[in-house]
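The values are calculated or read from the model by the stated rules, or taken from the named source; none is laboratory data. The model shown is predicted, which means the values in this text are computed figures rather than measured ones. Cβ atoms come from the backbone with ideal geometry, glycine included; neighbour counts cover every protein chain shown.
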Amino acid sequence: MGASNQLTVWQRWVRQPQNIWFRRALFQVHLWSGIAIGLYILMISVTGSVLVYRNELYRAATPRPIISTSTGPRLTDDQLTAAVSRLYPGYQVENLGRALNLDQAVDVWLRRDDKIKKRLFDPRSGSDLGESVPTSVWLVSSLLDLHDNLLAGPTGREVNGVGALAVLALAATGLVIWWPGIKTWRRSLTLHRGIGWKRLIWHLHSMIGFWSLGFITVFALSGAYLGIPQPFQDLADRLEPLTPANAGTRIGDEVIYWLAYLHFGRINGIGIPCSGPGLCDQTTKAIWAVFGLAPAAMFLTGAIMWWNRVLRPRWQGFIRPNLQMQVLHD
């Protein structure tokens, strides 16, 4: 009897899963979990796609070196320190960084208590040339820190690791919910015309989720490892204990390496499938950037469906009685 019931449930799942209570319960878990961490997913998804091009962003944000046009002799370190101290009384010069080109602006670090300034100075005149870290570079660095650490250092990185596991759970529940039945599953792989915009949003959500599932899984697993690496390393050590004989050859270490490497979408120089910077590398980055936006698209389409299914009916139910009361009062 038990085997028969189990077979019946399986048949129902294959043919018409919408009527199974477990799927309906899982749908609610998926819905409210997505709402709870939706803004986090949106932020991580968008910043991650942008930062696929972090090297290009840094190059674009970095200004050309400033070369002194003064005609006087170059100042010695002591003379430049004295000039800096006159301009910034109360600050202690901690570092003078000269470039290979001695006529290039000198990077000077100054400290007063816990406050640090990083300025550029003319090596000949000793004049202040501005911040050594331009605003554009600071913005790229801040974007990177936001994505990696949530602007909160090691604690933020650990939170990111937990968030990545939550995204992985959302992807798993979404895959179960996605299955529409054996007769109609192919319809969830593409968009269709003439079905109304609400149904279109549903199909768009399902289609993006299906085709991006592999990428989202890689992003989530690798993000979890980068945020909280120790559990992954402990698992690798448990499955294949480290010995002198297998040092550097363990399968678990290789999996972890590629898991972390694939997170960034930069494959130039490793020979798979490219052998250096070029069209292939740029194509790979573009693919990573596009699929990196998939979680953001899933959140936006999911939020629209939530509005249609939950918020809009409640809002209409709240507005209509108030309008009727106002009409009666008038």
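Assorted remarks:
- Residue that is touching a helix residue (DSSP H, G or I) at 6+ places or on another chain (Cβ under 8 Å) and either outside any helix (DSSP H, G or I) or at pLDDT below 85 (or both), where the choices are Arg193, Arg157, Arg187: Arg187
- Of all residues making up the stretch 160-184, the number that are part of a helix (DSSP H, G or I) and polar (S, T, N, Q): 2
- Test result for Leu262, modelled with pLDDT under 90, buried (at least 16 other Cβ atoms within 10 Å of the Cβ) and not charged (D, E, K, R): yes
- Screening Thr184 with (1) surrounded by 13 or more Cβ atoms within 10 Å (Cβ to Cβ); (2) without any contact (Cβ under 8 Å) to a residue 24 or more places away in the chain gives one miss only, at (1).
- When the criteria are applied in full, Ser206 fails the requirement of being within 21 Å of Gly265 (Cα to Cα) and under 24 Å from the mean Cα position of the chain (by Cα).
- Residue among Ile195, Ile216 that alone is surrounded by fewer than 17 Cβ atoms within 10 Å (Cβ to Cβ), under 27 Å from Arg309 (Cβ atoms) and β-branched (Val, Ile, Thr): Ile195
- Residues of the stretch 196-217 satisfying the condition of being in a helix (DSSP H, G or I) and without any contact (Cβ under 8 Å) to a residue 12 or more places away in the chain: Trp197, Arg199, Leu200, Gly214
- Residue within the stretch 58-68 that is closer than 25 Å to Phe291 by Cβ and surrounded by fewer than 14 Cβ atoms within 10 Å (Cβ to Cβ) present: yes
- Check on Leu239, in contact with a helix residue (DSSP H, G or I) (Cβ under 8 Å, 6 or more places away or on another chain), closer than 20 Å to Val290 by Cβ and of a type in the set (A, V, I, L, M, F, W, C): no
- Screening the stretch 229-253 for residues that are touching a residue at least 12 places away in the same chain (Cβ under 8 Å) and over 22 Å from Gly161 (Cα atoms) and picking the one that is surrounded by the most Cβ atoms within 10 Å (Cβ to Cβ) gives Arg250.
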